[in-house]
Amino acid sequence: MKMDQLVDMVRQTGYETHVYFKNGFLEKVYENALARRLRVQGLAVSQQHALTVYDEDGSIVGEYLADLLVEDCLIVELKAVRALNDMHTAQVLSYLKTSRLKHGMLLNFGAPKFEVRKLVL
């Protein structure tokens, strides 16, 4: 599956999840719902997936937990906040840089209007 198709599926499924649940739940509820709905569509989804963080020389310096890793190539970071800000974007870009993955998405379920950002390193 092409990355654009994958991103479209995650975006649409995230939107449908937001329409059903609205805002007001904790992030974990949206994570579980989105992961389940993506799996129903046949996608491989790993929740709280440990990703290794590398230094520039290739040394392992730690790891972090991606909310979702879809099809082993797309990091999906979920928020349940009033509005996304630059710190949220910086977080995903840092995850991409240090994990050596190229594509990420930032989804916010906490606002009345669903927010989504696609990020490429």
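Laboratory data are not the source of any read-out in this text; all were calculated from the coordinates shown. Fair warning: this is a prediction, and the values are worked out from it, not measured in the lab. All Cβ positions, glycine included, derive from the backbone under ideal geometry; neighbour counts span all protein chains shown.
Checking every one of the GluC sites (Glu not before Pro) in segment 26-113 against DSSP loop status and a limit of 13 other Cβ atoms within 10 Å picks out E56. Note on segment 77-102 and segment 1-70: Cα centroid distance 12 Å, given to the nearest whole angstrom. Working from Cα positions, state the angle (0 to 90°, nearest 10) between the long axis of helix 86-99 and the longest principal axis of the chain. Taking Cα atoms only, the helix is inclined about 50 degrees. Shown here: semi-axes √(5λ) of the Cα gyration tensor in Å, derived from the displayed model; of the candidates (i) 23, 16, 13; (ii) 26, 17, 13; (iii) 18, 18, 13, it corresponds to (i). Since only M105, L69, A33 are under comparison, the one whose Cα sits farthest along the positive direction of the charge dipole of the chain, derived from C-beta charges on Lys, Arg, Asp and Glu, is A33. Computed extension gain for D72 through L26, at 0.36 nm per residue and net of the alpha carbon distance, reaches 14.0 nm.
Using unit Cβ charges (K, R positive; D, E negative) and no other charged atoms, how large, in debye to the nearest 20, is the dipole of the chain about its Cα centre?
520
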